[in-house]
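Accompanying notes for the structure given below.
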Amino acid sequence: MARATVPDDPRFPDDRKGSLAAAVLDDARGGGRGDDGARIGLFLGTGLSSLTPAELAIDLYPHARAAGFDRDAMARDLARDRASPRRHQPERVTEVLGAQIGAIVRETSFSACSAAAQSILQGARAVARGDVDVAYVGGHDSMLHPIGYLSFVVLGALSPTVGRPFDRHRDGFLIGEGAAVLRLQREGDLRAGDAVLGWIVGGGTSVDAYNVTHPHPEGLGAGLAMARALRDASLEPGDIDYVNAHGTGTPVGDEAECLAVHRVLGDAPVSSFKGAVGHTIAAAGAVELALCLGIFGSGFLPGTPGLEEVDPNLPARILRDPTPGRVRHLLSNSFGFGGQNCALVVAAPDV
Amino acid sequence: MSPRPVRIVAASLFCPAGIGNMGLGPAVPGAVPGFDPIACGVPRKHLKTMTRAVQLGVAAVAAALAEAPGWQTIPPERRGLFVGASPQSGDAEDLASALKAADGDPGKFARDGVPLIPPLWLVKGLSNNVLGYASAQHDLRGDNGNWCDGALGGAIALAQAVHAVAERRVDLAIAGGADSLVGAEAMVGGPCGEGAAFVVLMAGERGDALATAGLPSEAGIEHDFGEMGAAAVPVAWARAWLARGPVDVGGVSGRRWS
């Protein structure tokens with residue numbers, strides 16, 4: 001379902017990502033009629049979100065002093081308004097929405113930019129184990145506010161121009177916001193007429209064990225996650241028809257990912273959506289996987305919006321433009337600060 | 001393939017009643033007494049980009065591994081790390097100078113305030129910093145996860161670690177939680193504490209019983225130590241395990257925690 005706007009949800013004051021999550025969960029459930037009698041799980045990945053303008057204005061600014069904050073005054077204020085410090089606790093969205101849909105398992109992954117992908121994988125495993133019958137999985141995030149931008153400005157990760165993953169002149173990413181939720185259930189529980197958009201057939205995670213803000217220069221952790229996902233899916237490298245890259249457009253990130261893709265998957269075609277939708281941070285794995293589901297049956301492999309001149313030093317087979325082709329299996333990457341990596345393998349509905 | 005037994009081989013404990021077995025003593029809410037991050041194995045060069053909770057967590061991972069026999073023989077790719085944490089959201093104190101310089105004017109904030117913000121402000125606030133730093137320190141490259149689910153974050157980390165070992169994704173899993181809410185009494189409305197605890201899980205021997213480890217009630221731990229957030233359940237679990245003694249290794253079912 002496409003929405004032109006997402007209204008503020010009164011349950012999540014000053015928390016844009018909460019409103020986004022509520023909207024996409026409603027869409028994914030379609031009224032929840034198919035959930036009757038099912039044991040439901042809710043697995044959401046979300047992000048730092050940092051300080052919002054309201055938090056800045058209400059909670060912090062009045063107490064700023066040259067040498068720091070007046071902690072006593074802050075504590076008095078917070079004690080008067082207990083709702084205030086609860087606004088941005090990430091699990092609150094999972095709690096509220098989980099209660100709404102009667103979820104018996106509720107988990108909030110907080111794994112930086114791999115959070116949504118990790119949530120999808122954890123939900124898929126819970127369904128496969130039989131812990132739940134239906135899992136709503138995905139992620140939500142919004143850092144489209146001054147302090148959100150500031151977080152990445154001070155790290156030098158934002159592009160001053162445009163997002164252009166894999167371009168020889170790439171210089172960072174633009175921030176997006178977003179949310180996506182998928183409904184997962186076992187094949188054996190499908191009923192006549194149920195739509196199938198794809199099959200999650202494998203997933204793998206890893207840690208770089210290298211640096212909290214820089215990827216391993218050779219993409220060792222990224223490669224491990226991809227190899228594990230492939231093995232989990234019982235597939236060979238040649239079975240992957242398309243790789244949806246994390247592809248942020250940062251010089252070091254793209255290089256590390258391309259090295260890893262080439263090492264693990266050979267010449268599998270690669271592209272990134274982030275030049276079109278920006279980097280949706282903790283939601284990226286879900287937003288991009290949802291977009292990937294549209295590839296099946298389309299007859300095309302997507303190109304890389306924003307990319308003009310492919311960096312010749314990148315070893316992977318990068319798609320600048322949409323290319324005719326059939327995708328039976330795709331692999332989607334998500335990598336985060338802290339060195340957390342997650343790769344998911346999805347099969348077409350007719351595979 | 002059926003899930004394999006999972007064995008607890010070591011535990012670490014940092015809580016307001018003390019560190020390690022000393023933490024089994026009388027309990028009061030508050031800080032972990034005598035906590036010295038450097039002495040507890042936290043790399044000195046990273047201290048300035050770690051919050052107190054992260055320091056506790058990194059120290060607790062190191063302490064748990066120090067008690068685990070032969071963990072280095074397991075390949076790094078087969079070592080997993082599962083963490084319950086709280087959102088750190090940077091240290092607000094690092095923004096104070098910039099806000100003061102802005103004097104309420106967004107333009108001045110951008111011009112005069114931003115340069116006063118430490119470049120590593122965001123990095124210090126990453127909620128998966130325990131995972132990031134500890135994995136680099138001990139070369140843990142396997143399956144992993146980081147959860148922020150309030151006081152249940154650590155419990156979810158324990159459960160997912162059990163699944164990871166039982167389902168053969170890793171052969172060693174370090175799992176637990178860390179949090180520091182000392183000083184947050186006004187925000188949470190009651191006495192607060194801090195703590196960190198991690199257990200080391202390995203595959204059990206064939207024939208081990210799939211027993212379920214007892215989970216002390218959250219009410220109990222919070223009564224003892226005050227609000228501890230994501231550390232509450234791991235602290236209670238490690239405390240119970242340590243009280244049984246290192247010989248009495250408990251098996252854990254991989255199917256009970258979800």
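The values are calculated or read from the model by the stated rules, or taken from the named source; none is laboratory data. If you're wondering where the values come from, they're calculated on a predicted model, not measured in any experiment. Neighbour counts are summed over all protein chains in view; Cβ atoms, including those assigned to glycine, are modelled from backbone coordinates with ideal geometry. Protein only, heavy atoms only, side chains kept; ligands, DNA and RNA dropped before computing areas. Shrake-Rupley method; radii C 1.70, N 1.55, O 1.52, S 1.80 Å.
Below, the figures for the structure above:
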{"read-out": "Overall dimensions of the stretch A:104-160 as given by Cα atoms, namely Rg and Dmax in Å", "value": "15.6, 47"}
{"read-out": "The stretch A:199-347 - charge dipole about Cα centre, Lys and Arg +1 at Cβ, Asp and Glu -1, debye rounded to 20", "value": "360 debye"}
{"read-out": "Inter-label distance for residue A:196 and residue B:47, nm, one decimal - labels placed 7 Å from Cα along Cα-to-Cβ", "value": "5.8 nm"}
{"read-out": "Order of exposure, largest accessible area first, which applies to A:288, A:177, A:255 with probe 1.4 Å", "value": "A:255, A:177, A:288"}
{"read-out": "Heavy-atom accessible area, 1.4 Å probe, ligands and nucleic acids excluded: residues of the stretch A:173-217 down by at least 30 Å² from chain alone", "value": "A:205, A:207, A:209, A:212"}
{"read-out": "Under 15 Å, Cβ to Cβ, from residue A:189 - net charge with Lys/Arg +1 and Asp/Glu -1", "value": "0"}
{"read-out": "In degrees, nearest ten, helix B:129-138 long axis to first principal axis of chain B (Cα)", "value": "60 degrees"}
{"read-out": "Amide hydrogen neighbours beyond the local backbone of residue B:6, cut-off 5 Å, H modeled", "value": "B:204, B:252"}
{"read-out": "Summed residue charge, Cβ within 12 Å of residue A:40's Cβ, Lys/Arg positive, Asp/Glu negative", "value": "0"}
{"read-out": "MRE, 222 nm, helices only [DSSP H, n ≥ 4, -39500 (n - 2.57), over chain A, to nearest 500]", "value": "-8500 deg cm²/dmol"}
{"read-out": "Spherically averaged projected area of chain B from its Cα convex hull (nm²)", "value": "14.8 nm²"}
{"read-out": "Proportion of all alpha-carbon pairs of chain A beyond 30 Å (%)", "value": "36 percent"}
{"read-out": "In the A-B interface, the accessible area buried, summed over both sides, Å² (probe 1.4 Å)", "value": "4500 Å²"}
{"read-out": "Cβ charges +1 (Lys, Arg) and -1 (Asp, Glu), total dipole of the protein assembly as shown, debye", "value": "640 debye"}
{"read-out": "Hz values of 3J(HN,Hα) by residue in the stretch B:59-67 - Karplus curve (6.51, -1.76, 1.60), Gly and Pro given as x", "value": "5, 5, 4, 4, 5, 5, 5, 4, 9"}
{"read-out": "Distribution of pairwise C-alpha distances over the stretch A:199-347, 5 Å bins, in %", "value": "2, 11, 22, 26, 23, 13, 4, 1"}
{"read-out": "Environment charge of residue A:248, counting only residues whose C-beta is closer than 10 Å and scoring Lys/Arg +1, Asp/Glu -1", "value": "0"}
{"read-out": "Of A:313, A:259, A:235, farthest towards positive along the dipole that unit charges on Lys, Arg, Asp, Glu beta carbons give the stretch A:199-347", "value": "A:235"}
{"read-out": "For residue A:175, residues with placed amide H under 5 Å, excluding near neighbours", "value": "A:279"}
{"read-out": "The stretch B:7-80: C-alpha gyration tensor shape, a/c 1.5 cut-off, then a/b vs b/c", "value": "oblate"}
{"read-out": "All lysines inside 17 Å of residue B:100 as judged from Cα atoms, apart from same-chain residues fewer than 8 positions distant", "value": "B:108"}
{"read-out": "Whole-number Å³ per residue for the convex hull built on Cα positions in the protein assembly as shown", "value": "147 Å³"}
{"read-out": "Whole-Hz couplings from phi, Karplus 6.51/-1.76/1.60, listed for the stretch B:29-41; x for Gly and Pro", "value": "x, x, 7, 6, x, x, 6, 10, x, 5, 5, 9, x"}
{"read-out": "Area of residue A:308 that stays accessible when all protein chains are in place (1.4 Å probe, Å², to 10)", "value": "130 Å²"}
{"read-out": "Placed amide H near residue A:11: partners under 5 Å, 5+ positions off or other chain", "value": "none"}
{"read-out": "A:314, B:24, ranked by accessible area, largest first (probe 1.4 Å)", "value": "B:24, A:314"}
{"read-out": "Accessible-area ranking of A:272, B:2, largest first, probe 1.4 Å", "value": "B:2, A:272"}
{"read-out": "Solvent-accessible area, 1.4 Å probe, carbon plus sulfur percent, for the protein assembly as shown", "value": "54 percent"}
{"read-out": "Residue-level accessible surface for residue B:103, protein heavy atoms, 1.4 Å, Å²", "value": "100 Å²"}
{"read-out": "At least 10 Å² of accessible area lost relative to the chain alone, listed for the stretch A:17-51 with a 1.4 Å probe", "value": "A:48, A:50, A:51"}
{"read-out": "Surface accessible to a 1.4 Å probe, per residue, for the residues of the protein assembly as shown, Å²", "value": "37 Å²"}
{"read-out": "Exposure of residue A:14 as accessible area (Å², to 10), given a probe of 1.4 Å and all protein chains", "value": "60 Å²"}
